[in-house]
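Undergrad: Structure provided below as structure tokens; questions to follow.
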Amino acid sequence: MIDLSLLVAALPSTPQLPEWSPGVGIIMTVFNIIGLIVARYAVQKPGVGPKMPFPIPGLSGKNFSLSQFLAGLSFGHILGVGTVLGLTNTGLL
């Protein structure tokens, strides 16, 4: 059986997460674009794997693959979530 007093004691220490707002959406969009730019130039073996089914204006070339796209968006989400949490903890968001 779980002692519920331990769960109650942990509640005040959890940080407040922001609800979705246009500011959060803009931050995530900007950092996902940055993640795609980083994936375009920093991947050691570009073009390995299946190609993109649609072109990305300004980023896609003959050697932009689906794995690069997913890696760029994953990295962008990591950067965006860190930024949103940091701005929330400082009170700016």
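Undergrad: Would you confirm whether any residue within the stretch 19-34 is small (Gly, Ala, Ser), on the phi > 0 side of the Ramachandran plot and more than 15 Å from the chain's Cα centre (by Cα)?
TA: no
Undergrad: Inside the stretch 39-76, can you point out the residues that are at pLDDT 85 or above and either within 25 Å of Leu17 (Cα to Cα) or in contact with a helix residue (DSSP H, G or I) (Cβ under 6 Å, 6 or more places away or on another chain) (or both)?
TA: Ala39, Pro50, Gln68, Ala71, Gly72, Leu73, Ser74, Phe75, Gly76
Undergrad: Oh, and also: When only residues in the stretch 77-93 that are touching a helix residue (DSSP H, G or I) at 6+ places or on another chain (Cβ under 7 Å) and among the hydrophobic types (A, V, I, L, M, F, W, C) count, which is nearest to Ile26 (Cα to Cα)?
TA: Val84
Undergrad: Return the pair list, or none, for Cβ contacts closer than 6 Å from residues in the stretch 33-53 that are farther than 11 Å from Ala71 by Cβ to residues that are among the β-branched types (Val, Ile, Thr) and surrounded by 15 or more Cβ atoms within 10 Å (Cβ to Cβ), at least 6 apart or on different chains.
TA: Hits for this filter: zero, empty list.
Undergrad: Output yes when any residue across the stretch 6-16 is more than 16 Å from Leu73 (Cβ to Cβ), at pLDDT below 75, of a type in the set (Val, Ile, Thr) and not in a loop (DSSP other than H, G, I, E, B), and no when none is.
TA: Yes, some residue in the stretch 6-16 is more than 16 Å from Leu73 (Cβ to Cβ), at pLDDT below 75, of a type in the set (Val, Ile, Thr) and not in a loop (DSSP other than H, G, I, E, B).
The values are calculated or read from the model by the stated rules, or taken from the named source; none is laboratory data. Here the structure is a predicted model, which means the values were calculated and not measured. Using ideal geometry, Cβ is built from the backbone for each residue, glycine included, and neighbour counts are taken over all protein chains shown.
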